[in-house]
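Following: one structure in structure tokens, then a few remarks.
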Amino acid sequence: MNWRQKVLDFDNICDRGEGLKGLIFDIQKFAIHDGGGIRTLVFLKGCPLLCPWCSNPESLAGKPEITFVCNNCIGCGKCLEVCPIDAISQDASNGKGLIIDRDRCTLCGQCAKHCYAGAINIIGRYLSVPELMEILERDRKFYEQSNGGVTFSGGEPTAQPEFLKAALKETQRRGIHTAIETSSFVNWETYASILEHVDLVLTDIKHMDDAEHKRLTGVSNKVILDNLRNISKLGIPVKIRLPLIPGFNDSTRNLEATADFVEQLSHVQSLDILPYHRLGEMKWGQLGQGYSLAGVEALTLEGTEARIQLFRDRGLKVSIGG
Amino acid sequence: MSTQVKVDPAVATMGPTERVEKIKARFLATTPEICAERAKLITESYKETEGRPMSIRRAKALEKILLGMSVYIDDDELIVGNQCSMPRSAPIYPEFSCEWVEAELDRLAKRTADVFLISEDVKKTLREDVFPYWKGKTNHEIATALMKQEAIDAGNAVAYTVGNYYFNGVGHISANYGKVMSEGLNAIIAEAEAAKEKFDYADAHQMKSLHFLESTIIANKAVIAFANRFADEAERLAAAEKDAARKAELLEIARICRKVPAQPAETFREAVQAFWFVHLVIQIESNGHSISPMRFDQYCYPFYKASKDTMSDEQAQELLDLLWLKFNGLNKVRDENSTMAFAGYPMFMNIIVGGVDREGKDATNELSLMLLQCAANTKLYAPSLSIRIHEGTPDVLYLKATEVSRMGLGVPAYFNDRTIIPALLSRGLTLEDARDYGIIGCVEPQVGGKTEGWHDAAFFNMAKIVELTLNNGYDKRTDMQIGLKTGDITEMNSFDDVMAAYAKQMEYFVGLMCHSDNMVDLAHGENVPLPFLSSLVEDCIGRGKSLQEGGAIYNFSGPQGVGVANAGDALTAIKKLCFDEKVISLPELKEILDKDFEGAENIRQMLVNRAPKYGNDDDYADEIAVESANIYCREVNKYRNPRGGQFQPGLYPASANVPFGAVVGATPDGRKSGTPLADGVSPIGGADISGPTATVNSVAKLDHEVTSNGTLLNQKFHPNAVKGEEGLHNLINVTETYFKNGGFHVQYNVIDRNTLLKAQENPEDFRGLVVRVAGYSAFFTALDKSLQDDIISRTEQVF
């Protein structure tokens, strides 16, 4: 089992088959900023939040999705030929590129299968825990050498609680360090059962004001903040991550409130600031969707430093970039 | 950890002194030129010695050069000794080959890489006083006359090239520098005198040995006289010097040059000067490259310790930095084709630090760290700097090496004691000698002072063999049937048929390559023995034989396979797409390759994206790459050389992957005709899409012990991946994991793509930018554009 082979398999993508499977949209090796040492990052697909700055918009929907990368297209026209329901048409507006009718598309995978240049892809594959383990084991020697491990990210990993639990449990059983990267937007009972198999939690605080949080992400922050207080009691090490979005959550008031909250928690290893960047913008287009943050400038290092000085002033351990 | 010497990292934190900066600035402002002195002197000497034994003629020629060439001492210098009449200039070695010099004389200043200025006077001297004498007498012409026509044809089709030693000296040696420092050349002369007693002048064969011993005595005396010429020059300059401090420095230079290398060195500075004279003269005598100092931190350490009370660490660091600048002053002109394979004025002089000593204990000392600091202080491409890693490598050394790696100079290169020591044992070295190994040139291990390794015997074009296999042995480019008829592809019904044909072609061409090497080897023994160098390698004096005739204790010939990843991925694509999935037939594929994918871009994309690729920890592709390399290695292992040694394979390219790619048509890995091959054992640029851990896992599947002539893995990192304390550990962890799994060598480039693109656009602003080019570092702006492009396109590991 090899992730690259898996993503080149376009047959029966939507068929989960028998047994417990997780919907995964990417697996990245040599991740070095996500929980210590050299790690493998497993990205689970599907997220209950909708943050406009999301740099992995292909992670949001809880089902496989079709994407089109215009730059890769060599104009061979094979996709138009093989689509059984004529859901693909040429983009007449600029003469280059395709329009995919995503409402009618059945994700049969024929277009992607014949798109050798990799312009059309189907994002998301169902994997069983044993299949996943085969991939993770490949880099065991690196985890051991570097005190690294595996980090489950998303999307929102806790949105697939049964698969996540099983995968974490098996990873830990094999003696591999486990971490999750989560919004913590999940009911506590489920969360607690997941945390039994987690060595390190990386969790976001996106906004301290509930109304603002709702406006930005579509959900309340109440359950998130409660969960963080609960985790603090369990004694699991936590890294707090703060995506810093200019004009959205970078006001002094919000940052002060964040600092107040973090100071109350115990077992916090660090506060990682993730400065806004526009790398996700291109991906929204590939999914055929608009980008609501268009025009917001990426943060510079100086701009970031100026905003987070107040954390340093309070003696909080802050890092930039996670 | 078994650290023998507790090393304080503070010893190696001194930055460059003003003196070092001044000499470096002068170096950077100098464009290399051609110098005719050596060529003129050797031609005169050969005319004078016609009819005498060859070894004596060679010694007399060296004597004539050393006594007749210009010597000078530059401002600010403390370590003295020059190769040519002008700084950075290159001499001509007509006895090895000069047909190409004559043909390319007017192009040297105009070519695209490694430009050499040449004055009209120099051209006139070469045309009138040098070239006419050598017609028909060069080692290259004599070797050619010995070769089979089939071997010459295969060489012309670039199935392989033996060009390096065919046109040049062998180099690729490490002399016994430690012995020169501790005993002096007078001791070597005495040894040769004593050895004469063993041989019987009445025996015609033994008389040859007596001539050889006489030649070593002439040569060593000439080197002592050469050093004394620098003492004379220093005294002359001192007499005219008004500045009292400089005057004292010059008088000290004079004192030292009267003493070493004739007598044993007693101080650190004397040892460094003795080293430099010997290293310089080997270069002047031999016309090779990769003349490698190897374990300088070991054999120079007694002198560092002896001077510790009278010399500060700042002074020691400055002397080493000055030595570093001296290395950069050595130069060599190559023909335009070879320049493509060895671009960037490289001399491949490899210094290695750390590792274990002859008893197996950690050998790290203060000099190990200070030599790493030299690279940081000078930021120049020479010498090649390496480090040996073993289980007990202390953190202080590992971290220092990693800090230097992070600077983006491409040095040091990391070598794995855990693989290399057993590999050398399997080639017949004693345990003590295997533990004492160093690196020659790029990645070739041997024990210094005892080995004639012929490490760069040839480059073998593995991708060309795939092309020839698909064309039944016919080479389209030269329009010749150069290979065997191993079967038409329309008759190949399984992947095994294809592999069998590939193996047969491999067997045939490796045989021709080894034959060519051996003919060149024979010619060197008869025409261009090197008496001075031979006297510094065990056991030439004892055996009464030059290095070129088998005088060394260990003898090897090491030809390199180039394009493992291309051969492997091409065969993988055939297996996967033509036989497993049957999406395209082999004849259809061949037709598309013949047209260089014209009108079939979608098929090319299929070959690139739908077949597994070596370098992604995918066993399907990795197993075929490993097998295609093993076939090469098994064939090479079958042969022996005329010096009584064995052939041993390596897998590294220098920069031959670029010119080799230029003669290979489109290949089934989706590579277009004429584009570069992958370098070393690294994956194809852009095909390694699964990150560095997967690459390392793939490459570790090769048998790095059988490839005892060396393998080379390039890894390029974005500065982000290596920033901070954590970043240093990331590099160490990648190295350690690769090495625990049997890796041989790894080197890191830490630069970003944008920097390289900018440097390509505005070379003037980036004159000092050093990059690693597969086994050595070079000025990026000195490289040919195609090689610059190749470096840029190698996948960058961004996170």
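The values are calculated or read from the model by the stated rules, or taken from the named source; none is laboratory data. Not measured: the values here are computed from a predicted model. FYI the Cβ positions are ideal-geometry reconstructions off the backbone, even for glycines, and counts take in every protein chain you see.
Brief remarks follow.
- Residue satisfying all of: in region A:117-133; more than 30 Å from A:G97 (Cβ to Cβ) and not small (G, A, S); farthest from the other protein chains (Cβ to nearest Cβ) among these: A:V129
- Considering the conditions (1) more than 14 Å from every other protein chain (Cβ to nearest Cβ); (2) assigned to a loop (DSSP other than H, G, I, E, B); (3) within 29 Å of the chain's Cα centre (by Cα), B:Y614 is excluded by exactly one of them, (1).
- Considering region B:452-474, the residues that are in a strand (DSSP E or B) and within 30 Å of the chain's Cα centre (by Cα) include one that is surrounded by the fewest Cβ atoms within 10 Å (Cβ to Cβ), namely B:F459.
- Residue that is nearest to the chain's Cα centre (by Cα) [pool: residues in region A:77-102 that are more than 14 Å from chain B (Cβ to nearest Cβ) and not in a loop (DSSP other than H, G, I, E, B)]: A:I100
- Within region B:349-379, the residues that satisfy the criterion of being aliphatic (A, V, I, L, M), touching a strand residue (DSSP E or B) at 6+ places or on another chain (Cβ under 7 Å) and not in a strand (DSSP E or B) are B:M349, B:A363, B:L371, B:L372, B:A375.
- Region B:515-545: number of residues that are outside any helix (DSSP H, G or I) and more than 20 Å from B:I42 (Cα to Cα): 6
- Test: A:D226 is of a type in the set (D, E, K, R) and in a loop (DSSP other than H, G, I, E, B): no
- From the options B:V658, B:V663, B:V706, B:V681, residue that is more than 14 Å from chain A (Cβ to nearest Cβ), surrounded by fewer than 24 Cβ atoms within 10 Å (Cβ to Cβ) and modelled with pLDDT under 95: B:V706
- From the list A:F25, A:F30, the lone residue that is aromatic (F, W, Y), buried (at least 20 other Cβ atoms within 10 Å of the Cβ), in contact (Cβ under 8 Å) with a residue 60 or more places away in the chain and over 25 Å from A:S270 (Cβ atoms) is A:F25.
- Region A:56-76: number of residues that are within 16 Å of A:G118 (Cβ to Cβ) and either touching a His at 6+ places or on another chain (Cβ under 6 Å) or part of a loop (DSSP other than H, G, I, E, B) (or both): 5
- Flag for B:E444 being within 28 Å of B:R643 (Cβ to Cβ), surrounded by 24 or more Cβ atoms within 10 Å (Cβ to Cβ) and either in contact with a Leu (Cβ under 7 Å, 6 or more places away or on another chain) or not aliphatic (A, V, I, L, M) (or both): yes
- The residue pairs whose first member lies in region A:134-152 and is within 8 Å of another protein chain (Cβ to nearest Cβ), whose second member is hydroxyl-bearing (S, T, Y), and whose beta carbons are closer than 7 Å, counting only pairs six or more residues apart or on different chains, are A:D139/A:T40; A:D139/B:T693; A:K141/B:T737; A:F142/B:T693; A:F142/B:T737; A:Q145/B:T737.
- Taking the criterion of being part of a helix (DSSP H, G or I) and among the hydroxyl-bearing types (S, T, Y), the only residue of region A:297-322 that qualifies is A:T304.
- If you go through region B:566-580 and keep only what is more than 14 Å from every other protein chain (Cβ to nearest Cβ) and aliphatic (A, V, I, L, M), you end up with B:A567, B:A570, B:L571, B:I574.
- Long-range neighbours under 6 Å by Cβ, at least six apart or interchain, first residue within 11 Å of chain A (Cβ to nearest Cβ) and in contact (Cβ under 8 Å) with a residue 12 or more places away in the chain within region B:581-606, second small (G, A, S) and in a helix (DSSP H, G or I): none
- Considering only residues in region B:714-745 that are modelled with pLDDT of 90 or more and assigned to a loop (DSSP other than H, G, I, E, B), the one that is farthest from the other protein chains (Cβ to nearest Cβ) turns out to be B:F744.
- Counted as qualifying within region B:110-161 are the helices (runs of 4 or more DSSP H) with 1 or more residues that are surrounded by 21 or more Cβ atoms within 10 Å (Cβ to Cβ) and β-branched (V, I, T), namely B:120-125.
- Close pairs (7 angstrom Cβ cut-off, 6 or more residues apart or separate chains): touching a residue at least 40 places away in the same chain (Cβ under 8 Å) in region B:124-144, among the polar types (S, T, N, Q) and part of a helix (DSSP H, G or I) anywhere: B:D129/B:T43; B:V130/B:T43; B:Y133/B:T43; B:N139/B:N527; B:I142/B:N527
- Of all residues making up region A:216-230, the number that are touching a residue at least 40 places away in the same chain (Cβ under 8 Å) and among the hydroxyl-bearing types (S, T, Y): 1
- Among the residues of region B:166-215, the ones that are touching a Gly at 6+ places or on another chain (Cβ under 9 Å) and either free of Cβ contacts under 8 Å to residues at least 60 places away in the same chain or among the β-branched types (V, I, T) (or both) come to 3 in all.
- Elements of the type helices (runs of 4 or more DSSP H) sitting completely within region B:382-443 and holding at least 3 residues that are touching a Lys or Arg at 6+ places or on another chain (Cβ under 8 Å) and at pLDDT 95 or above: these cover B:417-426, B:431-435.
- Helices (runs of 4 or more DSSP H) wholly inside region B:182-277 containing at least 2 residues that are under 26 Å from B:L322 (Cβ atoms), touching a Ser or Thr at 6+ places or on another chain (Cβ under 8 Å) and not polar (S, T, N, Q): none
- Boolean, B:A36 is of a type in the set (G, A, S), modelled with pLDDT of 95 or more and farther than 30 Å from B:D395 by Cβ: yes
- Of the numbered criteria (1) more than 28 Å from the chain's Cα centre (by Cα); (2) more than 14 Å from every other protein chain (Cβ to nearest Cβ); (3) under 26 Å from B:V746 (Cβ atoms); (4) not β-branched (V, I, T), the one B:F647 fails is (1).
- Annotation: of all residues in region A:28-55 being of a type in the set (K, R) and part of a strand (DSSP E or B), the one that is farthest from the other protein chains (Cβ to nearest Cβ) is A:R39.
- Residues in region A:1-22 that are touching a helix residue (DSSP H, G or I) at 6+ places or on another chain (Cβ under 8 Å) and more than 14 Å from chain B (Cβ to nearest Cβ): A:L20, A:K21, A:G22.
- Whichever residue in region B:407-451 is within 19 Å of B:K740 (Cβ to Cβ) and hydroxyl-bearing (S, T, Y) and, among such residues, is nearest to the chain's Cα centre (by Cα): B:Y414
- Taking region B:294-330 as the range and being touching a strand residue (DSSP E or B) at 6+ places or on another chain (Cβ under 7 Å) and either surrounded by fewer than 24 Cβ atoms within 10 Å (Cβ to Cβ) or in a helix (DSSP H, G or I) (or both) as the test, the residues that pass are B:F296, B:D297.
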